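Here the structure is laid out as structure tokens; the discussion comes afterwards.
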Amino acid sequence: MDADSGVRTIERFILEREKEVPEATGELSTLLYDMCLAAKVIAAAIRRAGLVDILGSADNVNVQGEEQQKLDVFANEAIKNAMGHTGRVAVMASEEDEGPIPIPPDWPIGRYVVVFDPLDGSSNIDSNSSVGTIFSIYSRVTQDGQGTLEDLLQPGSKQVAAGYMMYGSSTMLVYTTGQGVHGFTLDPTIGEFVLSHEAIKIPAVGKYYSVNESNFARWDRGVQTAVRGFHGDLPERIVGKNSRYIGSFVADFHRNLINGGVFMYPADTKYANGKLRLLYEANPMAFLVEQAGGAATDGVTRIVDIVPESLHQRTPLVIGSRDDVEFVRTILTEDDA
Ligand code: AHM
Ligand code: MG
């Protein structure tokens, strides 16, 4: 690689974009770099996971009643450290912490609110499958002092940025600030995220459907009908698709974003509101997918229009290629659904 090969690092890319927005202060850009730092720290730990005694359970149960993995704890701390000591954040919330996370004492309080799932799909770590981090950034709505629950319980339509990191065969960071969706790949030789996927657009019709079909008998009839459509049983309404399901939301979402597809985690008799969380998983991915030309609903209602009532609330989720999400909505709103 020559010294001026035209490689665009995430820093250069964000700065170039910022110049196009006269009112930008640069603060949000800096917060995104802080998130990149956390991503590098987490990616490095995951790369070493098979080598050092970091795999396995931390003998701890988190607020969702699930066993926490050691890397969950590590990733949670890495993000809290990277975000909490910047002077740019007013309050945070994490899937791994019960309540709002205040800014540490003696650190200046800023105007942004950061919400994150530090390590989604962590049950896949022990089998060396992809996992990810998902984040949302909002502007605070309260005036000063530590941010509060009110700052955290904003609808997804108020997000100013969102993104995810995927720790797969390579580490990627994909983000939006409402000006399209851009993807960067970590070049481990220079330790920088470089632009690899500019202005991602999701195909309007997907190749894939992704859902945990072992729950089929627990779904209501409408969801069963929609999935039968994906099987190819309703050829007059929808062309059948291929099935792909990893069980790691970031990886399932990323594949569908690039190749076209629809991911669903509907309500079932075990999870009355689906399994995924509105704040940490559904909202950030909904912002991204809409920016890429796709759609996200709870089956019927647009995800980013839902007003959250609690930090850890769950929501059914249908997300991905626009026409496929619309197909599900049509089926679920039919009288006999
Ligand atoms: P987690 O936040 O505890 O890791 O759970 C979320 C994960 C998602 O990554 C994935 O889409 C889903 O759980 C898979 O659930 P299931 O095993 O029920 O299909
Ligand atoms: Mg999660």
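The values are calculated or read from the model by the stated rules, or taken from the named source; none is laboratory data. Just so it is clear, the model here is predicted, and its values are computed rather than measured. Don't worry about glycine lacking a Cβ; one is built from the backbone with ideal geometry, like all the others, and counts go over all protein chains shown. To get the accessible areas, we keep the full protein, side chains included, count just its heavy atoms, and leave off ligands, DNA and RNA. Shrake-Rupley method; radii C 1.70, N 1.55, O 1.52, S 1.80 Å.
Among the strands (runs of 3 or more DSSP E) contained in the stretch 7-115, which hold 2 or more residues that are modelled with pLDDT under 90?
Of the strands (runs of 3 or more DSSP E) lying wholly inside the stretch 7-115, those with at least 2 residues that are modelled with pLDDT under 90 span 57-61, 67-69.
So which of 263, 230 ends up being in the same structural domain as residue 300 (by TED's automatic domain parsing), near ligand 1 (Cβ under 9 Å from one of its atoms), open to solvent by less than 20 Å² (accessible area, probe 1.4 Å) and hydrophobic (A, V, I, L, M, F, W, C)?
None of the others qualify; the one that does is 263.
Looking at 213, 281, which one is within 13 Å of ligand 1 (Cβ to nearest atom), open to solvent by less than 30 Å² (accessible area, probe 1.4 Å) and touching a residue at least 12 places away in the same chain (Cβ under 8 Å)?
Residue meeting the stated conditions: 281.
Return only the number of the condition from (1) surrounded by 19 or more Cβ atoms within 10 Å (Cβ to Cβ); (2) without any contact (Cβ under 8 Å) to a residue 12 or more places away in the chain that residue 301 does not satisfy.
The number of the failed condition is (1).
Identify, by number, the condition in (1) farther than 24 Å from residue 99 by Cα; (2) small (Gly, Ala, Ser); (3) touching a Pro at 6+ places or on another chain (Cβ under 7 Å) that residue 274 doesn't meet.
It is condition (1) that residue 274 fails.
Mind counting the residues in the stretch 256-305 that are of a type in the set (Val, Ile, Thr) and more than 14 Å from the chain's Cα centre (by Cα)?
Qualifying residue count, the stretch 256-305: 6.
Give the number of residues within the stretch 127-160 that are surrounded by fewer than 24 Cβ atoms within 10 Å (Cβ to Cβ), of a type in the set (A, V, I, L, M, F, W, C) and not in a helix (DSSP H, G or I).
3
Are there any pairs, at least 6 apart or on different chains, whose C-beta atoms fall under 7 Å, with the first in the stretch 12-33 and of a type in the set (Asp, Glu) and the second at pLDDT 80 or above, and if so, which?
As it stands, the answer is 18/26; 18/29; 27/88, since those pairs meet every condition given.
Identify all residues within the stretch 174-199 that are among the β-branched types (Val, Ile, Thr) and touching a helix residue (DSSP H, G or I) at 6+ places or on another chain (Cβ under 6 Å); write none if there are none.
Across the stretch 174-199, the qualifying residues are 176, 181.
Being assigned to a strand (DSSP E or B), among the hydrophobic types (A, V, I, L, M, F, W, C) and open to solvent by 20 Å² or more (accessible area, probe 1.4 Å) is true for just one of 186, 173, 119. Which residue is that?
Within the list 186, 173, 119, the selection yields 186.
Is it fair to say residue 257 is farther than 15 Å from residue 174 by Cβ, open to solvent by less than 30 Å² (accessible area, probe 1.4 Å) and away from ligand 1 (no atom under 12 Å from the Cβ)?
Taking the combined requirement at face value, the residue does not satisfy it.
I'd like to verify a number: residues in the stretch 96-129 that are near ligand 1 (Cβ under 10 Å from one of its atoms) and touching a residue at least 60 places away in the same chain (Cβ under 8 Å), how many?
Residues meeting the conditions: 8.
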